[in-house]
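The values are calculated or read from the model by the stated rules, or taken from the named source; none is laboratory data. The model shown is predicted, which means the values in this text are computed figures rather than measured ones. Heads up, the Cβs are rebuilt from the backbone with ideal geometry, glycines too, and the neighbour counts pull from every protein chain shown. Ligands, DNA and RNA are excluded from the accessible area calculation, which covers all protein heavy atoms including side chains. Shrake-Rupley method; radii C 1.70, N 1.55, O 1.52, S 1.80 Å.
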Amino acid sequence: MRCYKLTSPALSTALQHLCQLPQDLVVASSIASLGERDRTARQDVLEFCISQRVSTQNGTRPPEVVSFFIIQGLNSLGETRIIVFYIFLVAYIFILVGNSMIIFMTWTDPRLSSPMYFFLHNLSMVDILYTTVTIPNMLSGLLTKTHTISVPGCFFQMYFFIQMAVTGRAILTVMAYDRYMAICNPLRYTAFMTRHVRCLLIAGAWTFGAFCTLPGTAPSWQQTYCGPNVVRHGWCDPSSVRRLVCGDTYLDNILSLSSALVSMLVTGVLILTSYILIGSSLSKKSTAERLKAFGTCAAHLTVVTISYGSAAFVYISYRVANIPAEVRIIVSVLYTVLTPFLNPIIYSLRNKDLGDAIKRTFCRHRRPALSLKRLINTVYP
């Protein structure tokens, strides 16, 4: 490998003793040796990688297969990273606690045995997995100067991140169908929505998420990555990883966009159709029945609006050229944690049965604590 003369003295020093090492190791070691605030040096790392990539594509040097990726994350924020770390750590803990509470309630409270809470339980489980795929790795990257991930690990993270997102929307679609059956066909609802049917609907949602994700991620596994290996994102985002491919990515982009559109449009159209039919049915009922039906749909409608609205905002932000990379990463992270963060709040506030179940659980655990306190006061007055 040749040594290139670079503009930053710090980078030149860092690279002089690494000229004979593989390119990905050069990049990792160089970034690790740079100061937190040396943005010029960090930019030179990327320019160095680009020059190496161009020479590889032109055939002037043999390709060197990348063995790991460097997740750039929010390293350029400097000392502000610690503040961002604590904000996202608190949000992640709340997601785990809030959604675990919903899972616990729906499993233990016999009053929450209706199909709606069965689907809500699965949605909370998907939300936990969805955030766990990416947020812990991103948090560890905020505490270290250089955060690396193996190539297979990057692809697995990419696949499961997209799969959980698509599966979550598929479960929201199933929940919309459940609301349609409960409101438009109340007499047949209990007989139709048996446990067997519920399990089939959830299995269909997971299968849809698994297969719909493959066309957008499988081509990336077969590509060659010969540098640069710096992923300019908080995790292995497909579009960010695709920019590091040494060959043509036109087909990859088409497949990725097509699978994303299919997952969004299929679930979105089905949800919209369910609520159009619900609205048509409610137009023939009394005001009291309309208000009762709206109360059962309010939480789900709120979650759907936030989920699809934030997805559209992220898509638009990726198409705006003058948005800094750090802002794109923060927007993506907020999109990732927003719906799982708000789900427990929305369903506990807008759903009376779930709210009452939470109160009963806290009261049930509070009574033994009060009894123990009275016993202690009696023994030791």
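In table form, for the structure just shown:
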{"quantity": "Rounded percent of accessible protein surface that carbon and sulfur make up, segment 287-345, 1.4 Å probe", "calculated": "75"}
{"quantity": "Rg/Rg_ref, segment 248-330, where Rg_ref = 2.2 N^0.38 Å and atoms are Cα", "calculated": "1.56"}
{"quantity": "Gyration tensor (alpha-carbon) shape descriptor, segment 217-259, a/c threshold 1.5", "calculated": "oblate"}
{"quantity": "Protection proxy ranking of 96-105, 76-85 - average other beta-carbon atoms within 10 Å, highest first", "calculated": "96-105, 76-85"}
{"quantity": "Dipole-positive endmost among 262, 189, 212 within segment 165-295 (Cβ charges, Cα centre)", "calculated": "189"}
{"quantity": "Residue 117 accessible area, 1.4 Å probe, all protein chains in place, Å² to nearest 10", "calculated": "10"}
{"quantity": "Distant-in-sequence amide H partners of residue 71 (H built 1.01 Å from N, under 5 Å)", "calculated": "147, 148, 149, 231"}
{"quantity": "Order of exposure, largest accessible area first, which applies to 187, 282, 172 with probe 1.4 Å", "calculated": "187, 282, 172"}
{"quantity": "Distance between segment 76-95 and segment 244-308 - C-alpha centres, whole angstrom", "calculated": "31"}
